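Visitor: One structure coming up, written as structure tokens, with questions to follow.
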Amino acid sequence: MTNSDMDIDTADVSKAPTSQLDGSELVVVSNRQPYKFGYDETGAVTVDRPAGGLTAGLDPVVQRTGGTWVAWSDGEADDEVTNEDRRVGVPPDDPTYELDLLSLSEDEVEGYYYGYSNQVLWPMCHGGIWQTEFKERYYEVYKQVNRSFADAVIERASDGSVVWFQDYHLACAPQYVRMACPDAFLMHFWHITWPGWDTFRSLPHREAILSGLLGNDLIGFHTDRYRTNFLDCVDRALEEAAVDEEAGTVRYRDRTIAVRSFPLGVNANAIARTAELISNERRRDLAQQYGIPTSGRVALGVDRLDYTKGIPERIEALEHLWERRPKWQKELTYVQKAVESRSVIPKYQDLQDRVDESIARVNDRFGTNDWQPIIRIDEFLPRNELIGLYRLGDVMLVSALRDGMNLVAKEYVTAHVDNEGVLVLSDQTGAHDELGDDAVTINPHNAKRFAEAIEKALTMPEVEQRRRMKRLRQHVSTYDLDAWMADIFEMVARLHADLDSVVND
Ligand code: ADQ
């Protein structure tokens, strides 16, 4: 087996404390698998390791605690590497925990993943009621797949286990597990926004989704706003639930569920260390490789191609800037690092077409023989190259229309170890709640103001730039991934202790 992502330094992974788990077996449940098995061109099995974000952060925790990770099996070589129970020890070179892979049929993937998860819950949670495709079949399949995830958990979990569900793909599973394992500790982290009641009430299955999540003992959101929205939705939708907003609890079916906010951070030490190792020469090479001019200024965007990320709005603002302030033509180049996402869904195809058209229009309008205003990088970049790219960005443009957190903003800040660079950040992101004071704030819908904000960022005096960046970096390195994990495990320990005292009373 070969490792197809050799850039990951395994010594650079999160070192979050796990002692609060007190020997409990950890079972992580997520849609995506932390190790993906495929084949290279010679037919040898390859393994893609987690390269960033939460999966990369959680993997070392489970490596330390041991236990199980249940996920959808979508690797080409999964059949070959797993045993008859579809389990495989990971990390492959020195296994410390088991990956339990769930096979899904094409119909299941269509209904559960592309259907209910990504055409109902995703747009609805981001406030896009008109973007949703409510279909009863999607919901039926979503429940059925959630049942399969729950069955896999039930097979592994005991009453002493801590089961940790990730995200909106698994809203019904906790209730199913609860029925079989009444004393296991179940928790859930919801990675996307939770909308207000007036949006959430459009969901035909709203009671079932809430009730499924209330099978947990602890539910976490990125911000207080989402936590409050969730409690309000529970209060209005479920007659039998008693919400204590101040305490952040719900009393439901004779159990108490704690609802808290835990803003997710990035693996700041690892990013900063990688960033420090990127020499000026390496940066120049990288710029040359992608045709990025080294003489002018660079604005950067790094996103999944998703309609929530505000990419067309960003291009419109840049167009406005180049049009109204021609001095930035040939002086400012915009680099869009995009990664294709959920392309079988028509709304995602529409977005990709829109982005293609806008880039072509702007390049056609302002481009010259020796300058291309927008450079697009579509290919996969290993993690250290992505960090190198962050360092090339004089200005980072994060213009999401809605975003649970937005880790890209935090990664950019962390990579700027020299305290240079300016973050332009949409006030519609969870990250803005933490970073808004030292970023240049935008509303992504106002192209004129957005263009002014880009200019403000580009002309910010160096002293102010450094002062802001330093504060941003301080915040992001203090509230990093380890701190996030420690907060959550500390809460688990506290709730565990409360449960024990109830049992012993
Ligand atoms: P995403 O919507 O995927 O995640 P985001 O937080 O911006 O959004 O990115 C997650 C990770 O993907 C980051 O580590 C980033 O480096 C990587 N990434 C994004 N675009 C990339 C690209 N073009 N190339 C390479 N890597 C790229 C969801 C929620 C967010 C929330 C996260 C974590 O929608 O609001 O912040 O989960 O909870």
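The values are calculated or read from the model by the stated rules, or taken from the named source; none is laboratory data. Because the structure is predicted, anything quoted here is derived from the model rather than measured. Counting neighbours? That spans all protein chains shown, and the Cβs are built from the backbone with ideal geometry, glycine included. Side chains are part of the model used for accessible areas, which takes the heavy atoms of the whole protein and leaves out ligands, DNA and RNA. Shrake-Rupley method; radii C 1.70, N 1.55, O 1.52, S 1.80 Å.
Visitor: Roughly how large, in nm² to one decimal, is the mean projection of the convex hull of the alpha-carbon atoms in the chain?
Guide: It is 23.7 nm².
Visitor: Also: Does the range 196-278 classify as rounded, prolate or oblate by the C-alpha gyration tensor (a ≥ b ≥ c root eigenvalues; a/c under 1.5 gives rounded; else a/b over b/c gives prolate, otherwise oblate)?
Guide: prolate
Visitor: Further, regarding this structure: Counting heavy atoms of the protein chains only and a 1.4 Å probe, report the per residue accessible area for the chain as a whole number of Å².
Guide: 41
Visitor: Once fully extended, how much extra length lies between K470 and K456, figured as 0.36 nm per residue of separation less the alpha-carbon to alpha-carbon distance?
Guide: 3.2 nm
Visitor: Let me ask something else. Please compute the modelled spin-label separation between E140 and A247, points set 7 Å along Cα→Cβ, answer in nm with one decimal.
Guide: Here the answer is 4.1 nm between the modelled labels.
Visitor: Quick one: how many Å² of T132 are accessible to a 1.4 Å probe, rounded to 10?
Guide: Roll a 1.4 Å probe over it and T132 shows about 20 Å².
Visitor: Once Lys and Arg get +1 and Asp and Glu get -1 on their Cβ, which of P326, A415, I345 lies farthest toward the positive end of the dipole of the range 321-421?
Guide: Result: P326, furthest along the dipole toward the positive end.
Visitor: For D183 and R282 in the same chain, what is the full-extension length gain: residue separation times 0.36 nm, less their Cα-Cα distance, in nm?
Guide: Going from the current span to full extension adds 30.3 nm.
Visitor: What is the dipole size for the range 133-199, taken about its Cα centre, with +1 at each Lys and Arg Cβ and -1 at each Asp and Glu Cβ, in debye to the nearest 20?
Guide: The dipole magnitude comes to about 100 debye.
Visitor: Among H205, H475, what's the order by accessible area (1.4 angstrom probe), most exposed first?
Guide: So, going from the largest accessible area down, we get H475, H205.
Visitor: Taking the full set of protein chains and a 1.4 angstrom probe, give the accessible area of H416 in square angstrom, rounded to the nearest 10.
Guide: About 0 Å², rounded to the nearest 10.
Visitor: Taking the Cβ-Cβ separation of N83 and D437 as r and a Förster radius of 35 Å, what is the calculated FRET efficiency to the nearest 0.05?
Guide: Working from the Cβ atoms, E equals 0.10.
Visitor: Here's a follow-up. By a straight-distance test (C-alpha under 26 Å), which lysines pair with K135 as possible cross-link partners, with residues fewer than eight away in the same chain excluded?
Guide: K143, K309, K347
Visitor: Next question, about the same structure. Could you give the size of the charge dipole of the chain about its Cα centre, using +1 on the Cβ of each K and R and -1 on the Cβ of each D and E, expressed in debye and rounded to the nearest 20?
Guide: Using only the charged Cβ atoms, the result is roughly 1900 debye.
Visitor: Next up: Hand me the GluC sites (Glu not before Pro) from the range 44-86 located in a DSSP loop with no more than 13 other Cβ atoms within 10 Å, in residue order please.
Guide: Hits after loop and neighbour filter: E76, E84.
Visitor: How do 119-130, 337-348, 300-311 rank on mean C-beta neighbours within 10 Å, highest first?
Guide: The densest-packed peptide leads the list: 300-311, 119-130, 337-348.
Visitor: Heavy atoms only, probe 1.4 Å: what % of the accessible area of the chain goes to carbon and sulfur, would you let me know?
Guide: On the chain, the fraction of accessible area on carbon and sulfur atoms equals 44 percent.
Visitor: With the dipole of the chain worked out from charges on the C-beta (+1 for Lys and Arg, -1 for Asp and Glu) around the Cα centre, which of M187, V29, Q131 lies farthest toward the positive end?
Guide: My answer, from the dipole projection, is Q131.
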